[in-house]
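Please treat every number below as a calculation from the coordinates, not as lab data. These numbers come from a predicted model, not from an experiment. For neighbour counting, all protein chains shown are included, and Cβ atoms are generated from backbone atoms with ideal geometry for every residue, glycine included.
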Amino acid sequence: MEITAEIIGLAIASGAIVGLFLGIFGGGGSVLAAPLLLYVVGVSDPHMAIGTSAAAVAAIALFSLFGHWKGGRVKWPCATVFAASGLFGSILGSSLAKMIDGQTLLIGFAIAMATIGLSMFRKPKSEGDPDITITPKLILKLAPLGLIVGLAAGFFGIGGGFLIVPGLMLATGMTLSNATASSLVSVTIFGATTSANYALSGWLDYNLLGLMLLGGIFGGLVGVFIAKKLASRVNIARKGFAAMIILVAGYVGLNAI
């Protein structure tokens with residue numbers, strides 16, 4: 001698409017929004033990337049929007065990951081096992097999605113968005129073991145979950161953080177803070193794999209990707225900062241964000257239909 005001054009501003013702002021929510025919540029923020037490209041920036045092809053948004057989410061998540069890593073919140077052994085097994089699922093999921101008509105895919109995307117929003121109303125447990133270490137037993141729990149989440153993330157072109165966070169907590173017993181930070185490892189890998197698959201079919205706009213990354217860097221920094229400040233009020237913030245996701249899901253679904 002033609003890059004105008006308006007498009008540049010909208011793409012940078014869209015990246016900042018995605019980066020902000022990824023930095024705060026780890027999961028959920030990535031699901032806004034494709035709708036922002038479609039209905040704010042003006043991308044006409046759903047596959048192009050999903051492929052480009054997946055690349056942007058991967059890069060923004062990687063940037064946010066460094067902030068959490070410096071804070072010592074990432075449990076690398078557990079996060080690596082989950083992400084490595086999910087890598088294969090994301091390849092399969094994105095390959096299947098490319099075979100589906102764009103409008104049909106958007107209907108499924110809207111359903112996934114609504115599910116994400118509803119899941120965020122569930123109050124996550126903040127208790128957990130902050131000193132969790134990887135064991136063969138944990139690997140057997142993490143690997144199958146990672147594969148399933150990777151499949152969903154690749155199919156819908158989303159980071160999958162809303163599934164990764166509870167999945168990590170369920171399988172390992174780590175704290176919410178550790179799971180949120182560790183989920184960004186998988187969000188980065190799933191997004192990169194999905195976008196690479198779409199790029200092979202020509203469904204990736206590099207100009208828009210670069211602009212979203214500019215905004216995402218700033219948004220990610222702000223998000224990580226806010227995440228520290230909202231430690232005691234994160235559940236209230238999650239509910240407000242969840243309500244917004246559900247409204248956007250309804251808009252995406254109605255437009256697709």
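Key figures for this structure:
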quantity	calculated
Relative exposure of 156, 225, 63, judged by other C-beta atoms within 10 Å (fewest first)	225, 63, 156
Segment residue 103-residue 121, length gained on full extension (0.36 nm per residue, minus Cα span)	3.7 nm
Calculated FRET value between residue 255 and residue 70, using beta carbons and R₀ = 35 Å, to 0.05	0.30
Rough spin-label spacing in nm, given labels placed 7 Å along Cα→Cβ, for residue 239 and residue 92	3.8
Helix 206-229 vs. the chain, principal-axis angle (Cα, 0 to 90°, nearest 10)	40
Residues 82, 21, 155 arranged by fewest to most Cβ contacts within 10 Å	155, 21, 82
Computed [θ] at 222 nm, helices only, for the chain once each DSSP H run of length n ≥ 4 contributes -39500 (n - 2.57)	-26000 deg cm²/dmol
Non-local Lys pairs in segment 5-256, i.e. 8 or more apart or on different chains, that have alpha carbons under 24 Å apart	20
